[in-house]
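Engineer: Here's a structure for you.
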Amino acid sequence: MHNAIADFLRYLRIEKNASELTVKSYQEDLDSLLEAFNDRLGGVPTAVDQIDTGTLRDYVAYLHDCDYARSTIARRLACLRSFFRYCQRQGWVESNPAKALRTPRAGKRLPHFLSTEQLATLLETPDANTWDGLRDRAILETLYSAGLRVAELVSLDLEDWDREADVLRVIGKGRKERYAPVGSYAAAALTRWLEARAQRPQIKDEARFAIFLNKNGGRLTARSVGRMLDKHLRDAGLDRITSPHTLRHSFATHLLDGGADLRSVQELLGHKSLTTTQIYTHVSTKRLREAYQLAHPHASGNRRS
């Protein structure tokens, strides 16, 4: 069982090019299954083919008993389906025992985003007179301008930015390649940052092609970007629930608010399914409804005298 899990995680890293955060999430979900086996299900089986649908139903009951959120249970079931699908392809099990499990319905939460005014405040917060400030402003501008995932941003290399066309070559989930436009503000911030980067006295060999560097000359990590954003959110007096992914949500929401069509936004975000992109239409619709309730004389019983 432990070997099967290790092989699956290796497959995610190497063949699926999954980010370290994704691999860590899968590992935590599978560790939860092992914990349940030790805690309630009679010990960890020696082979994956000893696990059947009934056993996994007991595991789901265990998760409910532990008061896990429905969204967490749904994610762990998705992990199990992927894991046993991999085991089936490897010939370790005849069928996928997780396939028959029903996923609990979870209420959809609208993505958190920043207003254009809030974003303007945030983007102006880094000190453009310092090395760190030039880098941080370029990071924030690029995340918002191109709608990147933070893992996509930190993996960017110098050759990925076509300055003449002002586009970034991005490798997304599943090694899917797309080209993301770079707006004039982000392009200017990137240019200033790369001038500062070129003056860095020491850059580690493994980071010599990376666009974004840490203070030690290594490639910047997603966790470092999160810490950097927290600092600037504090300085700007903005909501601390904001994450690097919030800038991607803001990118999509502002595009739709500005009249972009859903298919174009889907392509810019690199979403495989249009259904994934449609969540942003709910955000825009919600805002329109709020504006309607406030402004229309016959909304909510409001009347103009």
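Engineer: What percent does the relative contact order of the range 25-151 come to when contacts are Cα pairs within less than 8 Å and at least six residues apart?
Structural biologist: So the answer I get is 20 percent.
Engineer: Give a residue-ordered list of calculated ³J(HN,Hα) values for the range 150-167 (Karplus: 6.51 cos²θ - 1.76 cosθ + 1.60, θ = phi - 60°; whole Hz; x for Gly, Pro).
Structural biologist: 5, 5, 5, 5, 6, 8, 5, 10, 4, 6, 7, 9, 8, 5, 5, 8, 6, 9
Engineer: Ok, one more. Once label points are set 7 Å from the Cα along Cα→Cβ at both Gln90 and Arg10, what is their separation, rounded to one decimal in nm?
Structural biologist: 0.9
Engineer: I need His271, His232 ordered by Cβ neighbour count within 10 Å, fewest first.
Structural biologist: The fewest-first ordering by Cβ neighbours comes to His271, His232.
Engineer: Could you tell me which of the pairs Lys16/Lys204; Lys176/Lys231; Lys231/Lys272 are separated by over 29 angstrom between their Cα atoms in the structure shown?
Structural biologist: Lys176/Lys231; Lys231/Lys272
Engineer: Along Cα→Cβ, 7 Å out, is where each label goes; now give me the distance between the ones at Ser273 and Glu20 in nm to one decimal.
Structural biologist: 3.0
Values in this text are rule-based calculations from the coordinates and carry no lab data. Everything numeric here is computed off the predicted structure, so don't read it as measured data. In this analysis, Cβ positions are derived from the backbone assuming ideal geometry, glycine residues included, and neighbour counts consider all displayed protein chains.
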